[in-house]
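Comments concern the structure below.
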């Protein structure tokens, strides 16, 4: 397991009238190389959870293991853990600060003490991965569009070649086209590198299309952690805790309510077409609604 959490709990403002438990006795194991979507409404604990994974937050109780290592054990070098677990915050373009795109992307690899040759290879590889042309590398990042700035910031973390890449709402504030570009590039990065990727999102639609596993958080606890079909068999329960399921799932739940003997764990259009085809074949081509 690349990530293992044991009874992880984190309480803000402990011992004060403002005490709030943001992560509540979480046990979780994530296999290496998995693309995981993390879903939960505001206040569900998902952002607090991911900040534990590279040691930005120390648990109130419980343990965090990365690649088999207890990251808060005596003698553990947290700097090395942070190179292993790359975290891209929400609106990462606000963290850009260097004179050129090249310098900004190279900041992490340089801090790893790599040779200039290795730094250059990583910068160009990461830039290509997020769709930034070489011609942009000598430009000031502040001359770029919002979407391009975000890609620069994401490339800066990718260039460290972490074993785990965590992205907190990477499409927040982008238009539909920009969202599609970023998500496709993250999927391509995962496919090419085989890295573990954790994608935090408010959009169940996006997560359903790209994730191999989905972690649903609710009130600081793990509501469920499963592959997409396993999660969406619980679509009505997910709705009940105030989270939205994909529109296509809602359609199939409604069809079921109207008397069709049809599965409801449908979460993409392609899956829907396959399901309808199978249903029609079973019914001999006729639908009796």
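Within region 7-27, not a single residue is within 17 Å of the chain's Cα centre (by Cα) and either modelled with pLDDT of 95 or more or more than 24 Å from residue 160 (Cα to Cα) (or both).
Filtered by the rule that a residue be closer than 19 Å to residue 126 by Cβ, touching a helix residue (DSSP H, G or I) at 6+ places or on another chain (Cβ under 7 Å) and assigned to a strand (DSSP E or B), region 51-86 gives a lone residue, 86. Only residues that are over 18 Å from residue 87 (Cβ atoms), in contact with a helix residue (DSSP H, G or I) (Cβ under 6 Å, 6 or more places away or on another chain) and surrounded by 22 or more Cβ atoms within 10 Å (Cβ to Cβ) were counted across region 183-214, and they come to 2. Go through region 144-163 and give me each residue that's touching a strand residue (DSSP E or B) at 6+ places or on another chain (Cβ under 6 Å) and surrounded by 24 or more Cβ atoms within 10 Å (Cβ to Cβ). Residue satisfying the conditions is 154 alone.
Can you pull out the residues in region 170-182 that are within 19 Å of residue 47 (Cα to Cα) and either surrounded by fewer than 20 Cβ atoms within 10 Å (Cβ to Cβ) or without any contact (Cβ under 8 Å) to a residue 40 or more places away in the chain (or both)?
Scanning region 170-182 gives 171, 172, 173.
Here region 115-131 is the region considered, the condition is being at pLDDT below 95 and part of a loop (DSSP other than H, G, I, E, B), and the residue that is surrounded by the fewest Cβ atoms within 10 Å (Cβ to Cβ) is 131.
All of (1) over 27 Å from residue 122 (Cα atoms); (2) touching a strand residue (DSSP E or B) at 6+ places or on another chain (Cβ under 8 Å) hold for residue 175 with one exception: (2).
For region 133-150, a residue qualifies if it is at pLDDT below 95, assigned to a loop (DSSP other than H, G, I, E, B) and over 19 Å from residue 172 (Cβ atoms), and exactly one does: 133.
In the condition set (1) in contact with a strand residue (DSSP E or B) (Cβ under 9 Å, 6 or more places away or on another chain); (2) over 22 Å from residue 166 (Cα atoms), residue 251 is compliant with all but (1). With a requirement of 3 or more residues that are closer than 25 Å to residue 50 by Cβ and under 13 Å from the mean Cα position of the chain (by Cα), the strands (runs of 3 or more DSSP E) lying completely within region 176-289 that satisfy it span 196-201, 213-218.
Within region 215-229, take every residue that is within 19 Å of residue 263 (Cα to Cα) and touching a residue at least 24 places away in the same chain (Cβ under 8 Å) and give me the one that is surrounded by the fewest Cβ atoms within 10 Å (Cβ to Cβ).
Out of the qualifying residues, it is 229.
Taking region 25-42 as the range and being surrounded by 16 or more Cβ atoms within 10 Å (Cβ to Cβ) and closer than 15 Å to residue 199 by Cα as the test, the residues that pass are 30, 34, 35, 36, 37, 38, 39, 40.
Looking only at region 62-90, residues that are touching a residue at least 40 places away in the same chain (Cβ under 8 Å) and closer than 21 Å to residue 155 by Cβ come to 8 in all.
The values are calculated or read from the model by the stated rules, or taken from the named source; none is laboratory data. Keep in mind it's a predicted model, so treat the numbers as computed, not measured. Quick reminder, even Gly has a Cβ in these numbers, built from the backbone with ideal geometry, and neighbours come from all protein chains shown.
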